[in-house]
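These notes concern the structure reproduced below.
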Amino acid sequence: MNFKNDTEAVETFVEKHKNLKTEIAKVIVGQDETIKNVLISVFSKGHCLLVGVPGLAKTLLVNTIADALGLSFNRIQFTPDLMPSDIIGSEILDEQRNFKFIKGPLFSNIVLADEINRTPPKTQAALLEAMQERQVTAAGKKYVLDNPFFVLATQNPIEQEGTYPLPEAQLDRFMFNVWLDYPKFEEELQVVKLTTSNKEVKLNKILNAEEIVFFQDLIRKIPVADNVIEYAVKLVNKTRLNSEFSSEVSKKYLQWGAGPRASQYLIIGAKCHAAIHGKFSPDIEDVRAIASPIIRHRVVLNYKAEAEGVSVEDIIKQLL
């Protein structure tokens, strides 16, 4: 992509993002905050964890975004008997009796890891290696994944029996933890009208893989003022119990605070949030706008918080 300068590139990005939202709205009704966070994750080279009850169009959302972005998409249904080779791929003997690697569903631009907490830790670990390193190892050989590569994992918060909850260290790999709620009454009316007729929606492809990689690099280049970086790092430090900036609410209700990845993602997310709103540098408001889904899965509540019914959201509101 050729632009005279970064200003022109940011203006094009704003336009493309607007068109992208218009395309997604043809299929997905409402869920504006969720769509915003998923798109910020894509352009920030992050991954996203969606938490919500069944039937809230999590799979459809990812499929729609993949379509509008012109990217390849694979869905993996995580089950208790799923093995790492089922997602990475495995070696087979071909007709010439040579070993040949058959790629698994991870070799795609967008991967939907459905109900990630239903599979054993070794399969979760295989996915998380791919997320962090953007490559997989099979039979001692490394295979580089497609670029761009983005994982969207889902969790059902209702049934926890027979599940394998992700450890905090693995949750930390996800840029955002997005909570999906039930649609509003008017939105649900619209959903029912859309989904109970035989009308087919054809989506236009707004971006391709090459353009997405270009915009991902553009977002990294956006400058950030020192006071904004200080605000983000201080906000994360407020969640830690032994920090000089530790807040009273954290000391009272938290067992563990957020790590340095939270600070990094706050800045990258703020850059992307600023860019989609046509700003050439993020301010403190951009950090605040994306703080909640970045911090909520990186702090651990203590018994006192659970006993008094204090939620993570309450704590984040007080910290902001």
**Fill in**
Of (1) in contact with a helix residue (DSSP H, G or I) (Cβ under 8 Å, 6 or more places away or on another chain); (2) not in a loop (DSSP other than H, G, I, E, B), residue 207 fails just (2)
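Residues that are among the small types (Gly, Ala, Ser), over 27 Å from residue 287 (Cα atoms) and in contact (Cβ under 8 Å) with a residue 24 or more places away in the chain: does segment 46-65 have at least one? Please lay out each step first, then the result.
The initial filter retains those residues of segment 46-65 that are among the small types (Gly, Ala, Ser), namely 46, 52, 55, 57.
From what is left, the residues that are over 27 Å from residue 287 (Cα atoms) are 55, 57.
The next check asks that each one be in contact (Cβ under 8 Å) with a residue 24 or more places away in the chain; those that pass are 57.
Yes, the conditions are met somewhere in segment 46-65.
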**Request:** Considering (1) within 23 Å of residue 143 (Cα to Cα); (2) in contact with a helix residue (DSSP H, G or I) (Cβ under 6 Å, 6 or more places away or on another chain), say which one residue 24 fails and leave the rest.
**Result:** (1)
**Item:** Odd one out for residue 74 among (1) modelled with pLDDT under 85; (2) in a strand (DSSP E or B); (3) of a type in the set (S, T, N, Q)
**Value:** (1)
**Message:** Condition first: of a type in the set (A, V, I, L, M, F, W, C) and either at positive phi or without any contact (Cβ under 8 Å) to a residue 40 or more places away in the chain (or both). Now tell me which residues in segment 83-103 satisfy that.
**Reply:** 92, 93, 102
**Asked** Is it the case that some residue within segment 156-163 is surrounded by 12 or more Cβ atoms within 10 Å (Cβ to Cβ) and either farther than 28 Å from residue 316 by Cα or in contact (Cβ under 8 Å) with a residue 60 or more places away in the chain (or both)?
**Response** yes
**Complete:** With criteria (1) touching a helix residue (DSSP H, G or I) at 6+ places or on another chain (Cβ under 8 Å); (2) farther than 28 Å from residue 38 by Cβ; (3) of a type in the set (A, V, I, L, M, F, W, C); (4) assigned to a helix (DSSP H, G or I), residue 307 comes up short on (1)
**Request:** Tell me which residues, restricted to segment 164-188, are of a type outside the set (A, V, I, L, M), farther than 16 Å from residue 35 by Cβ and not in a loop (DSSP other than H, G, I, E, B).
**Result:** 168, 170, 185, 186, 188
**Request:** Scan segment 291-311 for residues that are of a type outside the set (Gly, Ala, Ser), out of contact with any strand residue (DSSP E or B) (no Cβ under 6 Å at 6 or more places or on another chain) and surrounded by fewer than 20 Cβ atoms within 10 Å (Cβ to Cβ) and jot them down.
**Result:** 301, 303, 304, 306, 308, 310
**Request:** Looking only at segment 213-225, decide whether some residue is under 30 Å from residue 15 (Cβ atoms) and among the aromatic types (Phe, Trp, Tyr).
**Result:** yes
**Fill in**
Of the conditions (1) part of a helix (DSSP H, G or I); (2) out of contact with any Pro (no Cβ under 8 Å at 6 or more places or on another chain), the single one that residue 191 does not satisfy is (2)
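Which residues, counting only those in segment 113-149, are assigned to a loop (DSSP other than H, G, I, E, B), without any contact (Cβ under 8 Å) to a residue 60 or more places away in the chain and of a type in the set (D, E, K, R)?
Answer for segment 113-149, where residues must be assigned to a loop (DSSP other than H, G, I, E, B), without any contact (Cβ under 8 Å) to a residue 60 or more places away in the chain and of a type in the set (D, E, K, R): 115, 134.
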**Message:** Can you find a residue that is among the hydrophobic types (A, V, I, L, M, F, W, C), in contact with a Ser or Thr (Cβ under 6 Å, 6 or more places away or on another chain), assigned to a loop (DSSP other than H, G, I, E, B) and modelled with pLDDT of 85 or more anywhere in segment 90-112?
**Reply:** no
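Being touching a helix residue (DSSP H, G or I) at 6+ places or on another chain (Cβ under 6 Å) and modelled with pLDDT of 80 or more is the filter here; which residues of segment 3-21 pass it? Walk me through how you get there before you give the answer.
Just the residues of segment 3-21 that are touching a helix residue (DSSP H, G or I) at 6+ places or on another chain (Cβ under 6 Å), to begin with: 3, 9-10, 13, 17, 20.
The answer is 9, 10, 13, 17, 20.
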**Fill in**
Of (1) touching a residue at least 60 places away in the same chain (Cβ under 8 Å); (2) in contact with a Gly (Cβ under 8 Å, 6 or more places away or on another chain); (3) surrounded by 15 or more Cβ atoms within 10 Å (Cβ to Cβ), residue 80 satisfies every one except (3)
**Message:** For segment 102-133: of the residues being more than 20 Å from residue 79 (Cβ to Cβ) and within 15 Å of the chain's Cα centre (by Cα), which is surrounded by the fewest Cβ atoms within 10 Å (Cβ to Cβ)?
**Reply:** 132
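The values are calculated or read from the model by the stated rules, or taken from the named source; none is laboratory data. Note that the coordinates shown come from a computational prediction; the quantities given were computed from them, not determined experimentally. Neighbour counts run over all protein chains shown; Cβ positions are idealised from the backbone, glycine included.
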